[in-house]
1. Cβ-Cβ below 6 Å, separation at least six or inter-chain, first residue in the range 184-200 and within 21 Å of Asp61 (Cβ to Cβ), second of a type in the set (Lys, Arg): which pairs?
2. Consider the range 138-176. How many of its residues are part of a strand (DSSP E or B) and closer than 19 Å to Arg206 by Cβ?
3. Of everything in the range 377-424 that's among the small types (Gly, Ala, Ser) and outside any strand (DSSP E or B), which residue is farthest from Ser367 (Cα to Cα)?
4. Testing Arg256 on (1) in a loop (DSSP other than H, G, I, E, B); (2) open to solvent by less than 40 Å² (accessible area, probe 1.4 Å); (3) touching a residue at least 60 places away in the same chain (Cβ under 8 Å), one condition comes back false. Which one is that?
5. Can you pull out the residues in the range 28-83 that are in a helix (DSSP H, G or I), within 26 Å of Val258 (Cβ to Cβ), of a type outside the set (Gly, Ala, Ser) and within 15 Å of ligand 1 (Cβ to nearest atom)?
6. Within the group Tyr228, Tyr184, which residue is modelled with pLDDT of 95 or more and buried (at least 16 other Cβ atoms within 10 Å of the Cβ)?
7. What are the residues in the range 93-115 that are open to solvent by 60 Å² or more (accessible area, probe 1.4 Å) and either at pLDDT below 95 or more than 11 Å from ligand 1 (Cβ to nearest atom) (or both), if any?
8. Listed residues Lys377, Lys325; which is under 37 Å from the mean Cα position of the chain (by Cα), closer than 30 Å to Thr28 by Cβ and without any contact (Cβ under 8 Å) to a residue 12 or more places away in the chain?
Amino acid sequence: MSKIINAIRGMNDILPDDIYLWQYIETTLREVFASFGYREIRFPVVEKTQLFKRSIGEVTDIVEKEMYTFEDRNGDSLTLRPEGTAGCVRACIENGLLYNQTQRLWYLGDMFRYERPQKGRYRQFSQFGVEAYGFPGPDIDAELIAMNAHFWRRLGLAEHFTLQINSLGTSEERKNYRQALVSYLQTHEQALDADSQRRLSSNPLRILDSKNPAMQAIISEAPQLLDYLGEASTQHFHQVLRYLDNAAINYEVNPRLVRGLDYYSHTVFEWVTERLGAQNTVSAGGRYDVLVEQLGGKPTPAMGFALGVDRLVVLLQECQQLPAKQTTQVYLIMMGEAAKQQGFKLAETLRSSLPELRLLMHCGGGSVKSQFKKADKSEAQIALIIGEDEAAAEQVTIKYLRETKPQQTLAQDQLQQLLVAHFQ
Ligand code: ATP
Ligand code: MG
């Protein structure tokens with residue numbers, strides 16, 4: 001036998017027994033998007049490397065050490081998308097979607113980051129993203145946050161989530177704050193880890209996003225960005241909070257929340273949960289009013305968030321909020337060639353007339369006993385049997401596999417009625 005080739009570390013297979021959780025999340029979120037009037041957009045998995053460098057920021061974890069970058073056969077530098085916002089903005093500019101119009105968009109797709117794999121942190125992971133363009137006001141910020149609250153409620157997870165929110169103000173305001181932050185951090189320079197020392201000159205706000213526990217004490221005493229916001233930014237932030245208050249959406253203002261990407265301004269938020277250990281953020285986003293212009297479009301206010309589906313799946317499992325599985329309802333057993341021909345035809349007829357019915361037709365022959373074993377394993381509630389006698393009389397025998405009800409034999413053309421009555 002040849003040596004087995006394994007998958008790449010941190011890139012997972014999702015097996016048929018687990019897929020129902022993913023499908024459940026996808027169906028639920030699609031319903032919420034539709035109810036909020038958001039439309040789906042799809043864009044490529046690979047983009048020019050420059051797109052991510054220019055948008056996410058050169059001095060961020062993602063660009064510095066997490067991107068899957070390679071040269072294609074032309075020698076062009078390409079990157080597997082580490083997030084969706086950059087590609088979404090690129091697609092909107094390129095296709096003229098931002099020209100004198102607003103857009104409410106969502107997407108679902110796999111993202112790629114070279115991280116240290118652990119529970120809730122993978123190298124290929126799935127994100128739902130939402131982006132709204134052309135809305136400058138706090139109303140859309142609140143709308144996107146409220147949308148998240150609807151997800152949690154619909155999935156039965158509302159009690160496990162806390163909303164953290166902050167404002168990053170404008171780049172001008174952040175510049176003033178940066179000076180204060182750097183002065184403060186310089187007085188603690190010895191205690192900073194290597195990453196933070198490096199960032200002190202290149203991108204000091206990133207230090208606030210450090211995951212290193214040893215850094216937390218210094219970070220918690222740092223000056224707060226909220227104190228450096230001007231009148232307009234403060235007002236914008238307070239209006240967002242007022243929308244949330246009115247809609248009874250609880251939040252914690254976290255003055256140290258900065259997010260791991262450079263393009264954010266004004267409102268930023270994260271939905272965190274106690275139930276996932278260190279990987280506790282499930283959904284996160286914010287306003288990014290300068291990015292469209294930075295990528296060559298005309299200035300367009302923008303707000304978005306991304307939700308990690310892998311973490312949401314783990315959370316559903318942790319909290320035992322599992323949806324019902326869609327198992328087989330009917331298993332068709334046939335004995336002999338004539339029965340197989342009739343059974344195949346019967347299955348075709350049923351699938352046309354009852355498109356919702358989940359019917360498994362036995363394939364490959366075998367003894368009645370072995371076919372019944374498979375029927376039982378399929379979790380079907382009903383076995384349909386066409387033996388030689390039934391085939392001769394164009395009948396079918398119905399056997400109830402999960403309840404004590406006598407079996408019955410009837411004409412094949414009466415079966416549909418019985419199934420409708422049973423499964424309605
Ligand atoms: P973290 O702080 O956990 O590294 P992040 O700030 O890098 O997250 P974002 O870029 O904001 O994450 O992505 C939004 C969401 O995507 C995260 O909240 C998380 O649910 C999910 N996510 C991000 N990176 C991963 C990953 N490597 N594996 C699984 N999910 C991820
Ligand atoms: Mg990260």
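1. Listed pairs, sorted by first residue: Arg199/Arg206.
2. Step one: list which residues in the range 138-176 are part of a strand (DSSP E or B), which gives 161-167.
Right, trim to closer than 19 Å to Arg206 by Cβ and you get 164, 166-167.
Residues flagged as part of a strand (DSSP E or B) and closer than 19 Å to Arg206 by Cβ within the range 138-176 amount to 3.
3. We begin by selecting, within the range 377-424, every residue among the small types (Gly, Ala, Ser); these are 378, 380, 383, 387, 391-393, 411, 421.
Subset that is outside any strand (DSSP E or B): 378, 380, 387, 391-393, 421.
On the way: Ser378: 17, Ala380: 18, Gly387: 11, Ala391: 17, Ala392: 19, Ala393: 21, Ala421: 30 Å.
Top of the filtered list is Ala421.
4. In the conditions (1) in a loop (DSSP other than H, G, I, E, B); (2) open to solvent by less than 40 Å² (accessible area, probe 1.4 Å); (3) touching a residue at least 60 places away in the same chain (Cβ under 8 Å), Arg256 misses (2) alone.
5. Step one: filter the range 28-83 for residues in a helix (DSSP H, G or I), giving 28-36, 49-56, 61-66.
Next cut, within 26 Å of Val258 (Cβ to Cβ) only: 49-56, 61-66.
Those still in the list that are of a type outside the set (Gly, Ala, Ser) too: 49-54, 56, 61-66.
Within the range 28-83, Phe52, Ile56, Asp61, Ile62, Val63, Glu64, Lys65, Glu66 qualify.
6. Details: Tyr184 fails: buried (at least 16 other Cβ atoms within 10 Å of the Cβ).
Sole residue among the options that is modelled with pLDDT of 95 or more and buried (at least 16 other Cβ atoms within 10 Å of the Cβ): Tyr228.
7. Answer for the range 93-115, where residues must be open to solvent by 60 Å² or more (accessible area, probe 1.4 Å) and either at pLDDT below 95 or more than 11 Å from ligand 1 (Cβ to nearest atom) (or both): Glu94, Asn95, Tyr99, Asn100, Gln101, Thr102, Arg104.
8. Details: Lys325 fails: without any contact (Cβ under 8 Å) to a residue 12 or more places away in the chain.
Just one listed residue meets the conditions, Lys377.
The values are calculated or read from the model by the stated rules, or taken from the named source; none is laboratory data. None of these values were measured; they are calculated from a predicted model. Reconstructed Cβ throughout: ideal geometry from the backbone, glycine too, with neighbour counts over all protein chains shown. What goes into the accessible areas is simple: the full protein's heavy atoms, side chains included, and nothing from ligands, DNA or RNA. Shrake-Rupley method; radii C 1.70, N 1.55, O 1.52, S 1.80 Å.
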